[in-house]
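Peer 1: If you scroll down you'll find the structure; I have some questions about it.
The values are calculated or read from the model by the stated rules, or taken from the named source; none is laboratory data. None of the values given here were measured: they were computed from a predicted structure. Cβ placement follows ideal geometry from the backbone for every residue including glycine, while neighbour counts extend to all protein chains displayed.
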Amino acid sequence: IGIFMWVSSTEASWQDFRKPCIAVVDAKTPTTRIIRAVSVVLLPFLVGFLGYNSMKPSTDEPIELRTVHPAPPASTKVHGKTFVLQTASNPYRVDDSGKYSDKVQNDYKDGNPWDEKAPQFLQYVREGGQIFFQNCHFCHGDNLNGRGMFAFAFNPIPANFTDAGTIAQLQETFVFWRVSKGGIGLPREGFPWASVMPPWEQHLTIDEIWKVILFEYWHTGYYPRTWD
């Protein structure tokens with residue numbers, strides 16, 4: 001309004017203001033024809049496009065927070081056997097005498113599980129590796145980095161076990177619960193978990209689940225957390 005009042009304050013200034021506007025509307029020269037086309041056609045189209053683009057519904061997936069480590073239950077039942085997560089342990093994490101040891105993995109971290117004369121612990125690791133590559137590597141990848149051949153069919157992609165924020169942060173019994181129950185077995189109050197992992201208790205025995213977990217820790221070089 002202020003600009004309009006200023007340009008119309010005198011007859012001379014008003015005529016100077018009107019002259020280019022009338023010239024564009026009359027479009028008697030090539031230049032004014034181009035300006036009129038831009039003003040009448042392209043400019044309204046651009047304004048309309050920007051307005052539509054800012055208001056149209058988005059087809060992008062909504063942001064969904066994922067809880068990586070949901071709260072576990074006190075106990076879990078697999079194949080009719082109850083495991084108390086705080087007191088259970090991997091029966092295959094044992095030393096040469098057959099006793100449970102949280103240091104045995106470090107003793108054989110550079111060992112070869114496929115050596116025919118491998119100690120018992122590494123034989124269990126080998127068996128777990130065979131189970132992993134028969135069932136798990138399709139999603140979690142050959143290197144356990146969550147980049148398997150089917151990984152990118154899911155959003156989010158499967159867990160990357162080589163990431164220090166996954167199994168390295170978990171107790172072994174927690175991983176046993178997660179593997180056994182899969183995504184469908186997670187607590188209802190925490191949905192959505194965005195996990196499509198099947199309940200492996202329907203496909204593997206208890207021993208096979210423990211062995212594949214043993215292999216995952218040995219292969220990544222991480223050690224399960226303790227409850228202490």
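Peer 1: For the range 140-161, what are the residues that are in a helix (DSSP H, G or I) and modelled with pLDDT of 95 or more?
Peer 2: Within the range 140-161, H140 is the sole residue that qualifies.
Peer 1: Could I ask something else about it? Taking the range 81-130 on its own, how many of its residues are part of a loop (DSSP other than H, G, I, E, B) and either in contact with a Ser or Thr (Cβ under 9 Å, 6 or more places away or on another chain) or of a type in the set (D, E) (or both)?
Peer 2: 13
Peer 1: Continuing with this model, one more query. Restricting to the range 202-228, what's the tally of residues that are of a type in the set (F, W, Y), under 22 Å from the mean Cα position of the chain (by Cα) and not in a loop (DSSP other than H, G, I, E, B)? So that I can check it myself, show each step before the final result.
Peer 2: Filtering the range 202-228 for residues of a type in the set (F, W, Y) gives 210, 215, 217-218, 222-223, 227.
Filter once more, so that each one left must be under 22 Å from the mean Cα position of the chain (by Cα): 217, 222.
Now drop any that are not not in a loop (DSSP other than H, G, I, E, B), which leaves 217.
Summing the residues that are of a type in the set (F, W, Y), under 22 Å from the mean Cα position of the chain (by Cα) and not in a loop (DSSP other than H, G, I, E, B) in the range 202-228 gives 1.
Peer 1: With the condition kept exactly as written, say whether any residue in the range 127-140 is over 19 Å from W210 (Cβ atoms) and either out of contact with any Asp or Glu (no Cβ under 6 Å at 6 or more places or on another chain) or among the small types (G, A, S) (or both).
Peer 2: yes
Peer 1: What are the pairs with Cβ atoms under 6 angstrom where one residue, in the range 199-212, is over 11 Å from I131 (Cα atoms) and outside the structural domain of Q105 (by TED's automatic domain parsing) and the other, located anywhere, is modelled with pLDDT under 95 and among the aromatic types (F, W, Y)? Sequence gap at least six, or different chains.
Peer 2: none
Peer 1: A follow-up question, please. Can we say Q120 is closer than 28 Å to E201 by Cα, touching a Gly at 6+ places or on another chain (Cβ under 9 Å) and of a type in the set (S, T, N, Q)?
Peer 2: Taking the combined requirement at face value, the residue satisfies it.
Peer 1: Name the single residue, out of those in the range 20-34 being part of a helix (DSSP H, G or I) and polar (S, T, N, Q), that is surrounded by the most Cβ atoms within 10 Å (Cβ to Cβ).
Peer 2: Here the residue is T32.
Peer 1: Starting from residues that are free of Cβ contacts under 8 Å to residues at least 60 places away in the same chain and in a loop (DSSP other than H, G, I, E, B), keep the ones in the range 162-188 and report whichever is surrounded by the fewest Cβ atoms within 10 Å (Cβ to Cβ).
Peer 2: Per the stated criteria, the residue is A164.
Peer 1: Output the number of the condition that F133 fails; it satisfies all remaining conditions of (1) of a type outside the set (S, T, Y); (2) farther than 21 Å from V94 by Cα; (3) in a loop (DSSP other than H, G, I, E, B).
Peer 2: Among (1) of a type outside the set (S, T, Y); (2) farther than 21 Å from V94 by Cα; (3) in a loop (DSSP other than H, G, I, E, B), F133 violates only (3).
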